[in-house]
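These notes concern the structure reproduced below.
The values are calculated or read from the model by the stated rules, or taken from the named source; none is laboratory data. This one's a predicted model, so the numbers in the text were calculated from it and none came from an experiment. No Cβ is skipped: glycine too gets one built from the backbone with ideal geometry, and neighbour counts run over all protein chains shown.
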Amino acid sequence: MKKKEKAEKIIALLEKRYPQTECGLFWQGDPYRLLIMAILSAQCTDARVNIVSETLFARFPTPYDMAKAELSEIEEEIRSVGLYRSKARALKECCLRLTEVYGGVLPSEMDELLTLRGVGRKVANLLRGDVFGLGGIVADTHCIRISGRLGLADGKDPLKTERALERLIPLEKQSGYCHRNVLFGREICTARSPKCDECELYEFCVYKDKK
């Protein structure tokens, strides 16, 4: 079976398992919120980011408020998030550029997004997909692990995984595929002791240690 055909079947099975799926970050349709939450989510769970964000956005409801804030004020709000000092600096610098260069409006182009502090390709693709509907492969740990086990991508390099999946997954399916990977990675295809006996994708799996 060719990879393209395999990818089509995998997408269909994931869509059947998860008919409705969305980002695990509660961004409420506000691009600014998703930008900030995505930066905070590095090495942190979505659940923790969602909790922290309740008071963070009450205090800094716009990028202008965040840009004007003292670092110590931002640190105070995100202290329970890992690497909070460096993330606070990233949030402030990101919002300074967002307000000064883009008038507080999130840009949609990859090159422009990557100029914002704290935004790498993973976050940029999330924003392009969820905010602008432009697709994009969010090569997080779940996506890399599952795509590798299914033989759709090789290795653990995020950029290589992104490039490989871009060729296999239609643009309009990319965001959904990545969000479903997160759900599937948490429930079934876990990093340790995956539940292979419950896996709808078992027939496509090339994972050497599968049961």
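Data table
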{"item": "Filter result (more than 19 Å from N181 (Cα to Cα) and outside any loop (DSSP other than H, G, I, E, B)) within segment 1-33", "result": "P31, Y32, R33"}
{"item": "Segment 64-81 - residue that is in a helix (DSSP H, G or I) and under 13 Å from M37 (Cβ atoms) and, of those, nearest to the chain's Cα centre (by Cα)", "result": "I78"}
{"item": "Looking only at segment 125-157, and only at residues there that are within 17 Å of V182 (Cα to Cα), without any contact (Cβ under 8 Å) to a residue 24 or more places away in the chain and surrounded by 20 or more Cβ atoms within 10 Å (Cβ to Cβ), the one that is farthest from the chain's Cα centre (by Cα)", "result": "A153"}
{"item": "Conditions (1) within 22 Å of P19 (Cβ to Cβ); (2) free of Cβ contacts under 8 Å to residues at least 12 places away in the same chain: number failed by K160", "result": "(1)"}
{"item": "Residue in segment 145-167 that is among the charged types (D, E, K, R), assigned to a loop (DSSP other than H, G, I, E, B) and closer than 20 Å to G24 by Cα present", "result": "no"}
{"item": "Residue list for segment 45-86, restricted to those being closer than 19 Å to T141 by Cβ and buried (at least 18 other Cβ atoms within 10 Å of the Cβ)", "result": "V49, V81"}
{"item": "Segment 102-124 - residue that is outside any loop (DSSP other than H, G, I, E, B) and not small (G, A, S) and, of those, surrounded by the fewest Cβ atoms within 10 Å (Cβ to Cβ)", "result": "D111"}
{"item": "Residue match in segment 82-100 (condition: over 30 Å from I11 (Cβ atoms), in contact with a Ser or Thr (Cβ under 8 Å, 6 or more places away or on another chain), in a helix (DSSP H, G or I) and not small (G, A, S))", "result": "yes"}
{"item": "Residue check for A42: part of a loop (DSSP other than H, G, I, E, B) and either of a type outside the set (G, A, S) or surrounded by 15 or more Cβ atoms within 10 Å (Cβ to Cβ) (or both)", "result": "yes"}
{"item": "Any chance D157 is at pLDDT below 95 and over 23 Å from K122 (Cβ atoms)", "result": "no"}
{"item": "Odd one out for A42 among (1) at pLDDT below 95; (2) over 22 Å from F132 (Cβ atoms)", "result": "(2)"}
{"item": "Breaking point among (1) closer than 30 Å to V131 by Cα; (2) charged (D, E, K, R); (3) modelled with pLDDT under 95; (4) not in a loop (DSSP other than H, G, I, E, B), for D197", "result": "(1)"}
